[in-house]
Amino acid sequence: MGAVGLGSFAPGFPSALDVPSFVRVPAAPGTSPELGIPTRSGFEQLISWAPEAHWVKAFNTITTDVLDRRRGHDPLLAEWVCTDQRDAREAACRIIQELGFAPFFAGGPEAARLTETGGPLQRLEVDVQDAKDVLAEALATIH
């Protein structure tokens, strides 16, 4: 059985969380593949408009007052990163670390729906040491 790597980029935390390859981000709530309605996150829609761009999604789940209060304080606040492009992920991770947060890879563009409005990671304040468990729970609770 193959595995998909998910995990933290924060120093001192695991670099990969091995998830069985059959685990996929579920369809977005309120969509119907049976009716031919495409299931996409807002992030995937942006990518479809400019597929040649190097896209990354981050800093969209927490309010600015939480970011201000938690910046650089231990335990570091996890900041979800969604992309399938290595260079975009590396650039976002550097920025997130420089701003005093812990980047945590949530998955490719399809995982962005977890962080978007109505997703289980939206407005959720997560310490980096808990991020792996919170991400696994988010993946398990979406139908």
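Residues that are of a type in the set (A, V, I, L, M), open to solvent by 20 Å² or more (accessible area, probe 1.4 Å) and touching a Gly at 6+ places or on another chain (Cβ under 8 Å) are absent from the range 128-135.
Among what's in the range 95-121 and is open to solvent by less than 50 Å² (accessible area, probe 1.4 Å) and part of a loop (DSSP other than H, G, I, E, B), pick the residue that is nearest to SER41 (Cα to Cα). Looking at the filtered set, the residue picked out is GLU116. Restricted to strands (runs of 3 or more DSSP E) entirely inside the range 1-94, those with at least 2 residues that are crowded, with 16+ Cβ neighbours inside 10 Å and modelled with pLDDT of 90 or more are 78-82.
A search for C-beta distances below 7 Å between a residue of the range 127-143 that is in a helix (DSSP H, G or I) and at pLDDT 90 or above and any residue that is among the small types (Gly, Ala, Ser) and surrounded by fewer than 20 Cβ atoms within 10 Å (Cβ to Cβ), counting only pairs 6+ apart in sequence or on different chains, returns LYS132/GLY7.
The values are calculated or read from the model by the stated rules, or taken from the named source; none is laboratory data. Keep in mind it's a predicted model, so treat the numbers as computed, not measured. All Cβ positions, even for glycine, are placed from backbone atoms using ideal geometry, and neighbour counts span all protein chains on display. Remember, those area values only see protein heavy atoms, side chains included, never the ligands or the DNA or RNA. Shrake-Rupley method; radii C 1.70, N 1.55, O 1.52, S 1.80 Å.
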